[in-house]
Amino acid sequence: RQLLLRPVEELVGDIHRLGTGDFSVPVPLPGTPLSSFSEVHQSLVKLAGELRQLRQSETETRTELVAQVAHSRELFEANPQPMYFTDGVTLRFLSVNRAARQFYGYSLEEFRSMTLLDIRPPSEHKRFLQRIAQHHPVLRQRKPLIWTHLLRSGETRQVEVIYHTARRNERTVDFAMVTDVTQRLAAESAISHLNDTLTQQVSAHARELKWSNQALESFAGAVSQE
């Protein structure tokens, strides 16, 4: 009886240890006349080895993912382009990189108590909310748009914003990358105004030249008849 009871107890103990996450090699069974016990024991030894390998692989994968997340956070924080993540429903800021904090003039703590409406003048609120209503939830890259953003100092800047909307844990999250285009738009406006002025001047000169030619032709005609 002991020859049967002891191996059974050992096998039950091994199975229990595996069930609790202890994947150490099962201890050898005491001598038993039943080969089936030895086969079960060998199966447990093999299973324990496979589970150890799986745990090691999961640990390595988890470590790699943590490293990748940390690296991504470092890249996000150090990127010279203003960037931020916001909640797609409440519009609250979730994360704001250093460049965005410097550009807008708010601390990270202040940003976390703000929404996207707080960095826009009231004149932009209706247009922005309409845009949000038309595009949520959208799992695609949006076309860059020009907006007026409000800095903490009260100054407004013209910015081009690229949005990307995604779903994370049943939550809609927006990623935005901001480019200050105030000077570019001012330069384009100045060039456009200059082009218009030059076009008007050329047209005026052309009219004057045409009038002069007509006057000269009239004068020449009158002289030739004398």
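Sorting 126-134, 102-110 by average packing, meaning the other beta carbons within 10 Å per residue, from highest down gives 102-110, 126-134. The H on the amide N of Arg120, modeled in the peptide plane, is under 5 Å from the matching H of Leu150, each at least 5 residues off or on a different chain.
Of the residues Asp174, Asp180, ranked by 1.4 Å probe accessible area with the largest first, the sequence reads Asp180, Asp174. Along the range 92-98 the Karplus relation, 6.51 cos²θ - 1.76 cosθ + 1.60 evaluated at θ = phi - 60°, assigns HN-Hα couplings of 6, 6, 9, 8, 9, 7, 4 Hz to successive residues, with x for each Gly and Pro.
Over all other residues within a Cβ to Cβ distance under 13 Å of Val202, the charged ones net out to 0, with Lys and Arg as +1 and Asp and Glu as -1.
The values are calculated or read from the model by the stated rules, or taken from the named source; none is laboratory data. Computed from a prediction, not measured in an experiment: that's the story for all the values here. Every residue, glycine among them, receives a Cβ derived from its backbone with ideal geometry; neighbour counts consider all protein chains shown. For the accessible areas, the whole protein counts, side chains as well, though only heavy atoms, and no ligand, DNA or RNA atoms are used. Shrake-Rupley method; radii C 1.70, N 1.55, O 1.52, S 1.80 Å.
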